[in-house]
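Down below is the structure, laid out as C-alpha cells.
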Amino acid sequence: MVNIKQPIPINSIRQQANDLKVFHHHIYEYKKGIRSLILTTEKSIYRKPIENRLTHEKIDYAIQDVDKNKINVFFGAKKCVEVVKTFIHKKLSELSPEQDFILGTLLGYNKEAQCDRYLNMMKKLSSDKKKAVK
C-alpha cells in the first residue's frame, strides 16, 4: 500500500500565515537589530513550523509550554537566550524579582518601569514575609 500525503488545504496555510504574522514580524525586527531578545506567545500547534523557521534562520531560541494550547517562544541573541534558559523551567508569574527584572530588561522594556516593578515586587515579598511571621 502506497502512503500518499494529502496536500495541506489552502485555508490551513492561510490560517497559519495569519496566526504567525506577529512571529514573522518579530524575526524581521531581530534581524534588523531592533531587539536582541523577543518573547512571543503562540499557538502550540505551530511549535514545529516555529522551530523550523528559527533553525533555518540560525536564530537561537527556547520554547516554554504555557498550557496545552500555547507556548512562549523566546528568541534572539545567543547569550540572551542562554540567560532565559536558566529560568525557563518556571512560569513567568513565578519568576523571582531579579529574574523578572532581567527578563524585562533583556526584552527592552522601559528601564525605569522595570525598576519600579522590581521595587514593588520586593516590597510585596517583604510584606508577605512579615505577615507569615505573625
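The values are calculated or read from the model by the stated rules, or taken from the named source; none is laboratory data. It should be emphasised that the depicted structure is a prediction, and the values quoted were computed from it without experimental measurement. Note: ideal-geometry Cβ built from the backbone for every residue, glycine included; neighbour counts use all protein chains shown.
The table below lists the values:
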read-out: Meets criteria (under 23 Å from LYS68 (Cβ atoms), in the same structural domain as ALA62 (by TED's automatic domain parsing), modelled with pLDDT of 95 or more and small (Gly, Ala, Ser)) for SER44; value: yes
read-out: Enumeration of residues in segment 16-54 that are over 14 Å from the mean Cα position of the chain (by Cα) and under 16 Å from ALA77 (Cβ atoms); value: TYR28, GLU29, LYS31, LYS32, GLY33, ILE34
read-out: From the options LEU107, LEU103, LEU92, residue that is farther than 30 Å from SER12 by Cα and surrounded by 18 or more Cβ atoms within 10 Å (Cβ to Cβ); value: LEU103
read-out: Positions within segment 47-62 being among the charged types (D, E, K, R) and either modelled with pLDDT under 95 or assigned to a helix (DSSP H, G or I) (or both), in sequence order; value: ARG47, LYS48, GLU51, ARG53
read-out: Which listed residue is part of a helix (DSSP H, G or I), out of contact with any Gly (no Cβ under 8 Å at 6 or more places or on another chain) and of a type in the set (Asp, Glu), from GLU29, GLU42; value: GLU29
read-out: Whichever residue in segment 64-89 is surrounded by 15 or more Cβ atoms within 10 Å (Cβ to Cβ) and in contact with a Lys or Arg (Cβ under 7 Å, 6 or more places away or on another chain) and, among such residues, is farthest from LYS124 (Cα to Cα); value: GLY76
